[in-house]
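Heads up: the structure comes next, in structure tokens.
The values are calculated or read from the model by the stated rules, or taken from the named source; none is laboratory data. All values derive from a computational prediction rather than experimental measurement. Because the Cβ atoms are built from the backbone with ideal geometry, glycine has one as well, and the counts that use them run over all protein chains shown. Areas reflect the complete protein model, heavy atoms only, side chains present, ligands, DNA and RNA absent. Shrake-Rupley method; radii C 1.70, N 1.55, O 1.52, S 1.80 Å.
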Amino acid sequence: MKIVVTGGLGFIGSHTVVELQNEGYEVVIIDNLSNSSEDVIKGIVAITGKTPIFEKLDLRDKSSVKVFFEKYTDINGVIHFAASKAVGESVKNPLLYYENNISSLIYLLQELEKKEEANFIFSSSCTVYGQADNMPIDENASVKPAMSPYGNTKQIGEEIIIDVAKVSSVNAILLRYFNPIGAHPSAEIGELPIGVPQNLVPFITQTGIGLRKELMVYGDNYDTPDGTCIRDYIHVVDLAKAHVMALQRLLNKKNIEKVETFNLGTGVGSSVLEVIKSFEKVSDKPFPFQIVARREGDVTMAYASTDKANQVLGWKTESSLDDAIESAWKWETKIRNK
Ligand code: WQD
């Protein structure tokens, strides 16, 4: 079975390639290396001993996408990660996000709708819920007006897939991630943020290693027990395994609808201060931070209902927040001590 993983050299993509190989799938990675490096392949091989096929390709190049699917006619499924994903950047440069995230998806689907059978897993995000009304957030929670162009590309992407699935052979599963963190326990692959990390956990580990002076905590006057925002931090390996299970659901024709949606989280909410405490415990050292003003666009609270993923997909997370933070710290110390 041959599976295409777009963005397969990225953070979640590379961890999913490992889990696909562990399950015996042959993997073809598509990546344009705009936010990743070919060195990641070495990390994947170090873990599984298997070398994925790698095609350097920009999915915004419609003709290259067509040529790719003419070359690989025996594809059984596609897991689509390739997208720009920095919320702040998307506000400053919306067209970069609409062009990259939407046209890439369209060109991919134009090739998939030609096939007899097309199994498509889409990387979506809990950001589509905005500030949900009820916690935990289940898949029936309303999709609210996007808080950023990045979030809007995920909402629009989901709608495009639903419309295409109605009139084509495409079967799809939309996976709405909560907050992916951590790294493979081998520390052979992990998150490689370019520049100053926007996300909490890589900023924490870079502060812990001394790359950053201190963490700015964006507000402690939210309506939460300790005043800081609450999120559902999910270990990236748990998340990767969910992608394999979603793909297998389609390959085995277990899906009940042409397009199904699953929230992927631990079901547990953790505040920023609780994440800092976890890091202090894991790294066994005090952690420098200060409370500053809120960040525009942050929601107060978001954590997943895991019922549907548990009962329908048959998947649940195995790692705790401390496990994920420990793996992130092990990765950071390894890549900085090269
Ligand atoms: C988490 C919490 C911040 C940095 C975003 C996207 C989501 C997904 C994950 C791509 C918030 C606080 C953060 C810092 C801080 N991205 N924080 N100081 O915003 O929940 O989700 O990233 O798929 O789609 O929306 O994640 O890690 O940026 O922030 O205090 O230096 O940490 O305010 O409360 P977020 P995050």
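List of remarks:
- Scan of the stretch 37-68 for residues that are in contact with a strand residue (DSSP E or B) (Cβ under 7 Å, 6 or more places away or on another chain) and among the hydrophobic types (A, V, I, L, M, F, W, C), ordered by number: Ile41, Ile53, Phe54, Leu57, Leu59, Phe68
- For the stretch 203-257, the candidate set comprises residues that are away from the ligand (no atom under 13 Å from the Cβ), of a type in the set (D, E, K, R) and in contact with a Gly (Cβ under 9 Å, 6 or more places away or on another chain); within that set, the residue that is most open to solvent (accessible area, probe 1.4 Å) is Arg249.
- Elements of the type strands (runs of 3 or more DSSP E) sitting completely within the stretch 1-91 and holding at least 3 residues that are among the aromatic types (Phe, Trp, Tyr): there are none.
- When Val196 is tested against the conditions (1) among the β-branched types (Val, Ile, Thr); (2) more than 12 Å from the ligand (Cβ to nearest atom); (3) in a loop (DSSP other than H, G, I, E, B); (4) in contact with a helix residue (DSSP H, G or I) (Cβ under 9 Å, 6 or more places away or on another chain), the lone failure is (2).
- Among the conditions (1) open to solvent by 40 Å² or more (accessible area, probe 1.4 Å); (2) in contact with a strand residue (DSSP E or B) (Cβ under 7 Å, 6 or more places away or on another chain); (3) not charged (D, E, K, R), the only one that Ala302 does not satisfy is (1).
- Only one of the numbered conditions (1) β-branched (Val, Ile, Thr); (2) under 20 Å from Ser104 (Cα atoms); (3) open to solvent by 20 Å² or more (accessible area, probe 1.4 Å) is not met by Val143, and that is (2).
- The single condition from (1) modelled with pLDDT under 95; (2) under 20 Å from Ser142 (Cβ atoms); (3) open to solvent by 60 Å² or more (accessible area, probe 1.4 Å) that Lys285 fails is (2).
- Out of Ile121, Ile102, Ile137, one residue alone is more than 12 Å from the ligand (Cβ to nearest atom), farther than 30 Å from Ser63 by Cα and open to solvent by less than 50 Å² (accessible area, probe 1.4 Å). It is Ile137.
- Number of residues in the stretch 77-99 that are more than 16 Å from the ligand (Cβ to nearest atom) and under 14 Å from Thr6 (Cα atoms): the value is 2.
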